[in-house]
1. Over 5 Å intervals from 0, what percent of Cα-Cα pairs in chain A sits in each interval?
2. Could you check the spin-label model distance between residue A:13 and residue A:217? Points 7 Å from the Cα along Cα→Cβ, value in nm.
3. For residue B:202, what residues show an amide H to amide H distance below 5 Å, using hydrogens built from the backbone and excluding near sequence neighbours?
4. Quick check: residue separation of residue A:226 and residue A:21 times 0.36 nm, minus the Cα distance between them. What number comes out in nm?
5. Suppose we keep just the alpha-carbon trace of the range A:149-193; what are its Rg and Dmax in angstrom?
6. Quick one: P(r) of the range A:157-248 from all Cα-Cα pairs, 5 Å bins, percents rounded to integers, in order of increasing distance.
7. Could you state the principal axis extents of the C-alpha atoms in the range B:223-326, from the largest down, to the nearest angstrom?
8. Could you tell me the accessible area of residue A:11 in Å² (1.4 Å probe, neighbours in place), rounded to the nearest ten?
Amino acid sequence: MAGNFWQSSHHQQWILDKQDLFRDRQHDLAKLTEEEYQKVFNFFASIIQVLGEQLKLRQQVIATATVYFKRFYARNSLKCIDPLLLAPTCVFLASKVEEFGVISNSRLITTCQTVIKNKFSYAYGQQEFPYRTNHILECEFYLLENLDCCLIVYQPYRPLLLFVQDIHTQIQDDQILTYAWRIVNDSLRTDVSLLYPPYQIAISALHIACVMLGKENLKPWFAELNVDMDKIQEIVRTIINLYEMWKSYDEKKEIQGLLGKIPKPSPAPQR
Amino acid sequence: MASKIQSVSAPREPAPVMSTSSTILNMREKEKYIEDFEFPFCDESSKYEKVAKIGQGTFGEVFKARARNSSKKFVAMKKVLMDNEKEGFPITALREIKILQLLKHENVVNLIEICRTKATLHNKYRSTFYLVFDFCEHDLAGLLSNVNVKFSLGEIKRVMQQLLNGLYYIHSNKILHRDMKAANVLITKNGVLKLADFGLARAFSVAKSGQANKYTNRVVTLWYRPPELLLGDRNYGPPVDMWGAGCIMAEMWTRSPIMQGPTEQQQLILISQLCGSCTPDVWPGVESLDLYNKMELPKGQKRKVKERLKPYVKDPYGCDLLDKLLQLDPAKRYDADTALNHDFFWTDPMPCDLASMLAQHTQSMFEYLAPPRRPGHLRHHHHVPGVQPKPAQPTQDSGYQDRVF
């Protein structure tokens with residue numbers, strides 16, 4: 001399905017303004033610092049990634065699930081729905097939308113249980129995955145409504161492939177694609193998918209890849225692009241900041257504390 | 001822990017403001033992970049007022065409704081049926097939503113928005129979703145079943161031109177409709193044609209070498225189903241819709257579906273009787289389709305498309321285009337672009353607007369509301385039904401009663 005990004009709901013409704021995004025997060029940022037907030041989302045992006053890999057989903061599906069997750073919390077507090085429930089729900093919906101087929105309910109729940117137990121015990125300890133199919137089906141409704149049924153997410157992967165094809169007419173280098181592809185994956189851990197169109201993210205990933213690989217000779221290629229270089233620099237800075245954060249961050253040690261701090265549903269008033 | 005928030009000591013009354021399904025979860029269970037919040041996006045369906053039921057789509061009922069705001073605009077609302085609870089929100093509905101959000105074209109039905117009912121105790125806190133469309137006054141099956149509606153050759157050309165324009169657009173966007181039939185072709189009172197019901201539609205990709213697509217072949221209403229699907233092809237493409245376009249085009253003159261097989265086997269036999277035998281000679285590769293050896297395929301049938309349709313169609317260009325659309329071999333079937341360039345559309349009488357003809361009819365015509373059509377017109381094609389209604393058919397002449405207005 002090709003479609004036109006410029007006419008899509010992604011472009012028209014879901015490229016958010018940085019200030020708006022920051023303002024909508026105020027409730028959560030009262031309890032978490034900005035960096036802590038980012039670490040929490042980094043963690044749940046990992047959960048979605050590992051879930052997707054265990055379910056043998058394509059990266060495109062995983063990326064869409066991650067963007068659904070981020071879009072939901074862009075307009076809602078973390079206390080609205082437990083992110084541990086929303087994460088598999090996003091995977092469930094994305095696999096349907098991306099025509100991967102419906103994941104069987106029991107397989108999804110079993111995978112959640114094993115993944116939480118085997119890969120994320122450092123965060124949840126002996127705690128088992130507490131949700132069942134009915135929770136996920138219920139949560140899917142909330143998710144759909146909050147996405148305003150905007151289902152199609154354009155990802156940077158396709159533009160990235162096109163750009164690399166174009167670069168290949170000048171330089172033959174397979175490493176660039178491998179690096180840039182991974183950087184796009186990493187970009188899912190930041191807010192860039194909420195703030196910038198996918199082609200700009202693809203160019204930024206290419207830019208970082210070329211710097212990492214020391215590809216000086218591609219400077220003219222970038223110079224010829226008709227693209228807002230300020231935006232590219234903003235994206236590059238965001239992704240580099242993520243790498244800087246990772247250097248000094250031990251998720252295994254910190255995440256339990258962070259999960260304890262996130263806002264949670266308050267008990268309903270007693271009557 | 002993110003999940004276990006608090007233990008609930010005292011029993012609580014469910015708070016009805018929280019939209020939830022009490023059948024699935026009780027409130028106490030839910031409070032552990034969900035906070036009461038309002039839905040700022042999907043509007044409530046109560047902003048529209050239902051007027052009448054006008055159809056039954058692939059995944060739900062369709063209603064005519066009117067906006068309660070000052071515009072009083074008419075819309076069509078399609079209810080999303082939640083049959084299969086296990087699957088969650090139905091994938092067919094997800095497909096229709098995402099595909100219609102993608103497709104914006106004069107000849108494709110316009111999706112205005114998605115609405116939902118308010119979740120209340122009455123509906124067990126589960127909203128019903130509706131797709132809201134611009135309202136179209138007629139569907140082609142309804143128009144064709146009413147003998148008082150007469151299409152001139154120029155008007156038929158305009159219908160087919162718009163239909164092919166729509167198909168050209170959706171195919172360029174890599175979407176297959178997969179349920180082409182007269183009832184899914186809507187026409188506004190101004191004569192603008194809209195392809196509708198994308199409940200079976202899906203995105204397609206051109207099969208990469210050595211890696212054939214595996215789409216389901218259980219699509220398309222039987223009478224409009226092309227031979228490759230009946231023979232079990234799972235690696236099909238836009239030609240499946242072009243076959244349907246051919247069937248619909250013939251129907252513009254015959255006034256009822258041209259091949260009304262009761263079973264898949266019978267449908268194949270009817271196709272062979274009209275289009276000739278399915279052999280590797282006329283259709284290279286047909287022998288490797290899954291069901292080629294499992295279905296009974298009539299041998300030695302001659303192709304009679306032009307011969308049998310000529311009494312109805314008369315126009316030689318029309319006959320020729322039909323011949324090109326009703327090709328057995330999907331690779332030889334015309335695509336939408338080639339069809340639009342056919343002389344049929346570029347010779348006199350040129351395509352002409354439908355608005356003035358439709359202006360004579362003030363009631364909506366939908367197949368759903370029409371009396372059952374009489375099958376088998378083509379078998380006795382010596383008298384021409386519909387086109388020139390004889391006074392001796394009073395039951396048909398009266399059209400059908402108005403149930404919409």
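The values are calculated or read from the model by the stated rules, or taken from the named source; none is laboratory data. Fair warning: this is a prediction, and the values are worked out from it, not measured in the lab. As a convention, Cβ positions derive from the backbone with ideal geometry for all residues, glycine included, and neighbour counts pool all protein chains shown. These accessible areas exclude ligands, DNA and RNA; they are computed on the full protein's heavy atoms, side chains included. Shrake-Rupley method; radii C 1.70, N 1.55, O 1.52, S 1.80 Å.
1. For chain A, the binned pair fractions read 1, 5, 12, 16, 19, 17, 14, 9, 5, 2, 1, 0, 0, 0, 0 percent.
2. Simple spin-label model gives 4.7 nm for this pair.
3. Answer set, sorted by chain and number: B:176.
4. Full-extension gain reported as 71.1 nm.
5. 12.6, 42
6. Answer for the range A:157-248: a P(r) of 3, 14, 28, 28, 18, 8, 2, 0 percent.
7. Extents along the principal axes: 37, 27, 26 Å.
8. 70
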